[in-house]
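Chemist: One structure, pasted below without further comment.
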């Protein structure tokens, strides 16, 4: 399997500095990052590590869930997956990821609500990004449309 790469150029202090995150492998774009925008309610056009983790988690989870639905005898017609990644204070000092909520709504042929709930929970436990984030509480809200 290939290795994917992103890089960040940062200038200045945490509070006054800023940087640019480049999606190097895909060559898709470069995005602004700064701590003040990261900690603000309105990101003002900048991304954050939490948003990038949310993107990675929602896409990884969707792929894993689609595979598990097929293994369970279902056919995924559409999956809408949202990952909300929260940053909060760390009791030991600084900050930490304080939680991740995955919300999925699916249109699936061949599985009932209980079957979908089971594969959704299995996908949460088995997607590679979930495995990498085991130090963070991950909650799941899964339902068929």
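The values are calculated or read from the model by the stated rules, or taken from the named source; none is laboratory data. The shown structure was predicted, so the numbers you read here are calculated from the model rather than taken from an experiment. Cβ sites come from the backbone with ideal geometry, for glycine too, and all protein chains shown count toward neighbours.
Chemist: Restricting attention to segment 74-84, does a residue exist that is touching a residue at least 40 places away in the same chain (Cβ under 8 Å), farther than 22 Å from residue 43 by Cβ, touching a helix residue (DSSP H, G or I) at 6+ places or on another chain (Cβ under 8 Å) and in a helix (DSSP H, G or I)?
Modeler: No, every residue in segment 74-84 fails to be touching a residue at least 40 places away in the same chain (Cβ under 8 Å), farther than 22 Å from residue 43 by Cβ, touching a helix residue (DSSP H, G or I) at 6+ places or on another chain (Cβ under 8 Å) and in a helix (DSSP H, G or I).
Chemist: Looking at 51, 22, can you tell me which residue is surrounded by 13 or more Cβ atoms within 10 Å (Cβ to Cβ), under 30 Å from residue 105 (Cβ atoms) and without any contact (Cβ under 8 Å) to a residue 40 or more places away in the chain?
Modeler: 51
Chemist: While we're looking at this one, here's another question. When you go through (1) closer than 30 Å to residue 115 by Cα; (2) in a helix (DSSP H, G or I); (3) touching a strand residue (DSSP E or B) at 6+ places or on another chain (Cβ under 9 Å) one by one for residue 37, which number turns out not to apply?
Modeler: Result: residue 37 passes all but (1).
Chemist: Does residue 94 fit the bill of being surrounded by fewer than 11 Cβ atoms within 10 Å (Cβ to Cβ), closer than 25 Å to residue 135 by Cβ and either at pLDDT 95 or above or over 19 Å from the mean Cα position of the chain (by Cα) (or both)?
Modeler: Spelling it out, residue 94 is indeed surrounded by fewer than 11 Cβ atoms within 10 Å (Cβ to Cβ), closer than 25 Å to residue 135 by Cβ and either at pLDDT 95 or above or over 19 Å from the mean Cα position of the chain (by Cα) (or both).
Chemist: With the structure loaded, tell me whether residue 15 is in contact with a helix residue (DSSP H, G or I) (Cβ under 7 Å, 6 or more places away or on another chain), surrounded by fewer than 16 Cβ atoms within 10 Å (Cβ to Cβ) and free of Cβ contacts under 8 Å to residues at least 24 places away in the same chain or whether it fails that test.
Modeler: yes
Chemist: Moving on. Can residue 62 be described as touching a strand residue (DSSP E or B) at 6+ places or on another chain (Cβ under 9 Å), assigned by TED's automatic domain parsing to the domain that holds residue 132 and closer than 30 Å to residue 143 by Cα?
Modeler: Yes; evaluated as a whole, the condition is true for this residue.
Chemist: So, in segment 24-36, exactly how many residues are within 19 Å of residue 86 (Cβ to Cβ) and more than 19 Å from the chain's Cα centre (by Cα)?
Modeler: 3
Chemist: If you don't mind, there's one more thing I want to ask. Restricting attention to segment 101-145, which residues are part of a loop (DSSP other than H, G, I, E, B) and either touching a strand residue (DSSP E or B) at 6+ places or on another chain (Cβ under 6 Å) or surrounded by fewer than 12 Cβ atoms within 10 Å (Cβ to Cβ) (or both)?
Modeler: 110, 112, 134, 135, 136, 137, 145
Chemist: Condition (residue is within 25 Å of residue 7 (Cβ to Cβ) and either in contact with a strand residue (DSSP E or B) (Cβ under 9 Å, 6 or more places away or on another chain) or exposed (fewer than 14 other Cβ atoms within 10 Å of the Cβ) (or both)) applied to segment 71-84: is it met by at least one residue?
Modeler: Scanning segment 71-84, I find at least one residue that is within 25 Å of residue 7 (Cβ to Cβ) and either in contact with a strand residue (DSSP E or B) (Cβ under 9 Å, 6 or more places away or on another chain) or exposed (fewer than 14 other Cβ atoms within 10 Å of the Cβ) (or both), so the answer is yes.
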